[in-house]
Amino acid sequence: MAMTMQELREQFYEKLQQANAAEAFEELRVRYLGKKGEITGLLKNMGAIAPEMRKEYGAKVNALKDEVEASIKRRIEEAHARELEMRIAATERYDLSLPSTLSEGSYHPITLVQREVEQIFASMGFTIEDYDEIVDDYHCFEALNIPKHHPARDMQDTYYLSNGQLLKTHTSAAQNAIMRKYGAPLRAIFPGRCFRNESTDACHENTFFQMEGIMIDENISISNLIYFMKTMLSEVFRRDVKVRLRPGFFPFVEPGFELDISCAICGGKGCPSCKNSGWLELCPCGMIHPNVLKAGGIDTEKYTGFAFGLGLTRLAMMKYGIKDIRDLNSGNLKSLDQFVK
Ligand code: DAH
């Protein structure tokens with residue numbers, strides 16, 4: 001004799017009680033709710049029911065169907081929660097005598113180089129300044145003798161923000177504020193993250209680190225500039241580094257130079273990192289343009305100064321022999337944490 005609805009419900013709960021794995025729940029679902037399932041079968045039975053009872057009967061079967069479906073779902077969720085609890089409990093059990101497999105954290109190579117350069121300049125009387133990453137057109141360009149529509153703006157593909165401000169394209173953007181803050185005489189360095197809308201390759205990234213430095217005093221000349229740069233680089237590389245000065249154009253310095261150092265990766269023979277030239281452009285620099293000093297409120301009759309924009313990212317690559325700039329932003333701890341050892 002066919003089972004009544006009540007008997008079917010009781011039987012289902014009995015079986016649900018015994019089920020405890022995903023397959024068992026699925027089996028129950030098929031057995032009761034599947035195409036040929038027992039509850040589905042009750043609906044097929046409709047013909048045997050007196051016509052005036054059919055509506056009520058149909059509703060009851062559907063209610064049972066929903067109830068069974070919800071019960072199975074609840075049990076599956078409970079099983080998941082239990083499994084999760086068990087897994088958490090298992091990881092919380094620990095054995096203090098086991099050898100540690102955790103590796104030590106480390107500083108990023110750029111941080112290491114930055115700190116080293118900071119220390120060297122601090123020992124030569126420079127203060128270390130912090131500056132914003134979001135700046136305005138005046139500080140990034142105008143105050144640096146780069147008026148609107150000046151072709152030099154094309155050298156730096158700028159990320160503009162919708163409010164008219166921009167992501168600083170170079171640490172020079174802080175020069176004006178620092179001159180205004182301290183006046184002359186002044187020795188300051190200001191490291192920072194810079195942004196340019198450039199396509200990336202082994203030597204370019206759209207985000208990179210520079211360290212700007214300015215020294216303003218009476219009688220500052222190119223020989224002071226060369227002395228400070230050579231001293232700093234020889235300390236960083238712990239050897240007498242080979243440098244060369246080439247004339248370079250930057251609106252905020254006059255005269256301007258490109259300071260190159262011989263590529264430490266290939267030893268000067270030529271490799272992709274130095275575009276096969278054997279030299280790496282490391283540090284553009286020059287004597288601060290009088291217009292820039294004036295914008296910074298410095299008396300140009302009395303004071304002169306030099307400025308440099310050291311590529312910290314490049315310096316880190318050379319110091320640690322990192323061939324591809326993209327490795328520095330990769331977050332790959334295996335390659336990054338070797339520098340502290
Ligand atoms: N701000 C320049 C750049 O990022 C680099 C630079 C050149 C900085 C000459 C200087 C300088 O201080 O004197 O392209």
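Brief remarks on what is shown
- The residue that is farthest from the ligand (Cβ to nearest atom), counting only those in the stretch 221-269 that are open to solvent by less than 40 Å² (accessible area, probe 1.4 Å) and in a strand (DSSP E or B), is Ser262.
- Residues that are surrounded by 16 or more Cβ atoms within 10 Å (Cβ to Cβ) and touching a Ser or Thr at 6+ places or on another chain (Cβ under 8 Å) within the stretch 291-305 comprise Leu293, Thr304, listed in sequence order.
- Candidate set: the stretch 36-87, residues that are of a type in the set (Gly, Ala, Ser) and over 50 Å from the mean Cα position of the chain (by Cα); chosen: the one most open to solvent (accessible area, probe 1.4 Å): Ala48
- Answer residue from the stretch 293-330, given it is more than 16 Å from the ligand (Cβ to nearest atom) and among the small types (Gly, Ala, Ser) and is farthest from Asn219 (Cα to Cα) among those: Ser330
- Residue pairs meeting the criteria (Cβ under 8 Å; at least 6 apart or on separate chains; first in the same structural domain as Lys242 (by TED's automatic domain parsing), in the stretch 304-323; second hydroxyl-bearing (Ser, Thr, Tyr) and within 12 Å of the ligand (Cβ to nearest atom)): Ala307/Ser172; Gly309/Thr171; Gly309/Ser172
- All positions within the stretch 270-295 that are over 23 Å from Met232 (Cβ atoms) and not in a helix (DSSP H, G or I): Gly270, Cys271, Lys275, Asn276
- Subset of the stretch 135-166 that is under 24 Å from the mean Cα position of the chain (by Cα) and within 13 Å of the ligand (Cβ to nearest atom) - its residue that is most open to solvent (accessible area, probe 1.4 Å): Asp157
The values are calculated or read from the model by the stated rules, or taken from the named source; none is laboratory data. Here the structure is a predicted model, which is why all the values come from computation and not from measurement. Heads up, the Cβs are rebuilt from the backbone with ideal geometry, glycines too, and the neighbour counts pull from every protein chain shown. Ligands, DNA and RNA are excluded from the accessible area calculation, which covers all protein heavy atoms including side chains. Shrake-Rupley method; radii C 1.70, N 1.55, O 1.52, S 1.80 Å.
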